[in-house]
Amino acid sequence: RAMLGEAAARAGRAELAASAFEAVASQSEGLMADYYRNRAKEVRMIKKAEEPAPASPEPKAQ
């Protein structure tokens, strides 16, 4: 599952990658579980950073 997570992350499939990392974390203990939980968070944050920002409305001329 960890390899699936890494492959999905490289392919831009953030939710699939995060789900795979969370599954690995749930079956791991200690530092390994922490690593995979953090990896899932990283993948989601990278995906959010890549999303375009919402367009702000143009200021109205007075």
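Laboratory data are not the source of any read-out in this text; all were calculated from the coordinates shown. Note that this is a predicted model, so its numbers are computed, not measured. All Cβ positions, even for glycine, are placed from backbone atoms using ideal geometry, and neighbour counts span all protein chains on display.
A few notes on this one:
- Relative contact order (%) - segment 2-50, alpha-carbon pairs under 8 angstrom, separation at least six: 34
- Summing charges over all other residues whose Cβ lies under 11 Å from the Cβ of GLU22, with Lys and Arg as +1 and Asp and Glu as -1, gives +4.
- Label-point gap, in nm, between MET45 and SER26 - each point 7 angstrom along Cα→Cβ: 2.4
- Residues SER26, SER19 arranged by fewest to most Cβ contacts within 10 Å: SER26, SER19
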